[in-house]
Amino acid sequence: MRLLLFSDLHCNIAATQELVDRGQQVDVAIGAGDFGQVRRRAGVCIDILKVMPCPTIIVPGNNESLAELVEACRGWENVHILHGTGVLIAGVNFFGLGGGVPVTPFGSWSWDFSEEEAHDLLGDFPEAGVLVSHSPPKGCLDVDSNGTSRGSTTVRDLIFAKRPALVVCGHIHACWGRSEQVAESTVINAGPAGIIFEFPRRLGTS
């Protein structure tokens, strides 16, 4: 199964159009949140993504709420919007967690969750599934441009407890386009340029 991973488009029209073009080459596209900017204009990128030729999985970031993302995606039949929920595609379980975790320092506009709330939202995560989380795990691809670690302890703990085959995240711009290994899990901070990832056939079918 070939995956196109991306995050943090933030109204970047050119990057979004390039992703749609690359979608011709993959089986599933995955967007790890932040389509808009400061809770505005999420539809700018979503309207372009609606012609993505493959099934697309997305989660809200902290720059748009779940309700705002659902509204922007109205009429997009091939999208799966996940937040505390999952979907099975070609034998692979995908599960989503949106928003900023833990609560960010950005103020009341940011769509955030406490670690306790995130723990509840991840309660149904299937072992060895694929986690799409806007926020990275604590200590992995989570250091911002000021040198501050802003990852989620809940996401980190889930990696050790449930062994996701893949974790797709974003949120921390300084770590875009990078991958690391945590225990048995590959963690990728996708970024707006996108990454094509070959998912192991033993865990799914193409």
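Where a number appears in this text, it was derived from the coordinates with a stated rule and is not lab data. Since the structure is predicted, the reported quantities are computational estimates derived from the model, not experimental observations. Backbone-built Cβ (ideal geometry, glycine too); neighbour counts: all protein chains shown.
Results, tabulated for the structure shown:
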| quantity | calculated |
| --- | --- |
| Extension gain (nm, one decimal) between Gln24 and Ala90, 0.36 nm per residue minus Cα-Cα | 22.0 nm |
| Label-to-label distance, nm, for residues given as Ala174 and Ala161 (7 Å Cα→Cβ offset) | 2.9 nm |
| Sorted by Cβ density within 10 Å, fewest first, the residues Ser108, Ser135 | Ser108, Ser135 |
| Neighbour-count ranking [beta-carbon atoms within 10 angstrom, fewest first] of Arg40, Arg150 | Arg40, Arg150 |
| Local electrostatic count at Ala118 - Lys and Arg +1, Asp and Glu -1, tallied over other residues with Cβ under 15 Å | -4 |
| Loop-exposed GluC sites (Glu not before Pro) per DSSP, neighbour cap 14 Cβ within 10 angstrom, longest uninterrupted part of the chain | 1-76 |
| In the range 11-110, the chymotrypsin sites (Phe, Trp or Tyr not before Pro) that fall in loop regions by DSSP, at most 13 other Cβ within 10 Å | Phe106, Trp109 |
| Net lengthening on full extension, Gln37/Asn78 (0.36 nm per residue, minus Cα-Cα) | 12.4 nm |
| Cα-centred dipole magnitude for the chain, charges only on beta-carbon of K, R (+1) and D, E (-1), debye, nearest 20 | 380 debye |
| Chain lengthening between Ala193 and Val103 when straightened (0.36 nm per residue, less Cα-Cα) | 29.8 nm |
| Helix runs (DSSP H) in the chain reaching 27 Å along axis by Cα, Kyte-Doolittle at least -0.5 | none |
| Theoretical FRET efficiency, 1/(1+(r/R0)^6), r = Cβ-Cβ of Glu184 and Ser145, R0 41 Å, to 0.05 | 0.85 |
